[in-house]
Amino acid sequence: MSSSGNQLCPAATTLVTAAGNPDAVLPGAGVDVDRSACIVSPIRSLHFTHMMLSLHARRLNRNEERDWANLVGDAVRQIAGKLLADDAAEYVRLRAVCSPWRSATAAPSWEPQFFPRNWLMLRRDVVADAAPAAPVSRRFVNVRTGATLLIRPPPAEEYGDFITGAEGLLLFHCGRTDTVRLFNPLTAATAVLPGLAGAPGIEEAAVELELAAAGVIAADGNAPATASPAVVLVLVMPRTTVILCARPGDDRWRTVDAGEAQPQPFQGGLSMQGKFYVPTRHGEVLRVELYPQPRLMYVARPPGSQHCTCDVAVTSYLVPSLDEDDGAGEDNDGMLLVRVFDGAVDVLGVHLGKGSYTRVPDIGNRTIFLPGLTVRADKLSSVAEMELGSVHLDEDIEDYIIG
């Protein structure tokens, strides 16, 4: 199932024990790498790190006392930190080179820095392993760089049906046990979330629920330092929208109070940099805050939007910008607001700090697939060149993958 038009049916609730193995991402232990892809291989990581070690040694002051026995470990940790800040997949590959490099770096854990951001799982692109009875792998594409990975997803009999992705993590729903699982495809770390049966706001729902968006909140300024990342679900029913949140280990979902925005229909949402945002029909942007109680807080409002009573059919979407300079000037906060009305499309850069917007007349080398995906089409050779700078509504990127 995909994040657009997913149907979730409430079922009986059963708690399943969490299972995870953060060290599983090693050669032959769950993740296969497409050697023709852009992702850094162990050999390339080795050459790169040796080069960085040489530069590091030459820059040392000859009169400076150093613990030369730990020089390699110090340099590897510095390089690993830079790789992790850029892409968690590169960090995992570096740790796979050899045992000393693994010993010098921290093992991946259930922390946001190890989330595989910008990685998209292609659901139709199934790759069979050499052994006939072996599980199949799926191709993951980095929407920013075009790199690819082959990864075996968790077993369907245990995790259930794929629902959607959030910050590169995979969400599954098991109808048999009514449990929601969050899975990191790079590290195999797993978190178990409460079931949907009896969740507040949908107890009396006699119809199936549409999952409009899902996200992860890890950067909540008022949360305790020990709080684990929370998952947010935006569920749409015929007459209302319910936003739920829960952390791993919780026994039930909580409802996010929409406050004055309650009458507004929410058009999905965007999970980005550990926070979760939702847009309204009129283009306002709200952020989900969890403390002291789950609530929505306005962070950007177009001038006069709160007074708009027009009946024009307008739909607003939030998508990543995938570019530090998206034509909207500085402080664009990495997101774009796309408004669709009367067959026209308006793209705006969102300035959260100022609560303002700047029109983006040309999205350049990006292609947007609404409700929530942006790709660097110039980096994905499998996407037709004619799709550069275009916006697609309710279409699947996999329809445009060539070969």
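The values are calculated or read from the model by the stated rules, or taken from the named source; none is laboratory data. Predicted model only: the values in this text are computed from it and were never measured. Glycine gets a Cβ as well: all are built from the backbone with ideal geometry, and neighbour counts include every protein chain shown. To get the accessible areas, we keep the full protein, side chains included, count just its heavy atoms, and leave off ligands, DNA and RNA. Shrake-Rupley method; radii C 1.70, N 1.55, O 1.52, S 1.80 Å.
So here's what we get for this one:
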{"quantity": "Residue order for ASP257, ASP323 - accessible surface, 1.4 angstrom probe, largest first", "calculated": "ASP257, ASP323"}
{"quantity": "Accessible surface, per residue, of the stretch 84-165 when the full set of protein chains is kept, probe 1.4 Å, Å²", "calculated": "44 Å²"}
{"quantity": "1.4 Å probe accessible area per residue over the stretch 357-400, in Å²", "calculated": "48 Å²"}
{"quantity": "FRET E, pair SER381, GLN293, Förster distance 60 Å, beta-carbon r, rounded to 0.05", "calculated": "0.80"}
{"quantity": "Segment ALA197-ARG77, length gained on full extension (0.36 nm per residue, minus Cα span)", "calculated": "38.7 nm"}
{"quantity": "Listed residues LEU393, GLY372, VAL360: farthest to the positive end of the dipole of the stretch 347-403 (Cβ charges)", "calculated": "VAL360"}
{"quantity": "Using a Förster distance of 25 Å, the FRET efficiency for LEU393-GLU157 (Cβ separation, nearest 0.05)", "calculated": "0.10"}
{"quantity": "Difference of contour (0.36 nm per residue) and Cα-Cα distance, SER99 to VAL127", "calculated": "7.1 nm"}
{"quantity": "Set of lysines with alpha-carbon distance to LYS275 below 19 Å, sequence-local pairs under 8 removed", "calculated": "LYS354"}
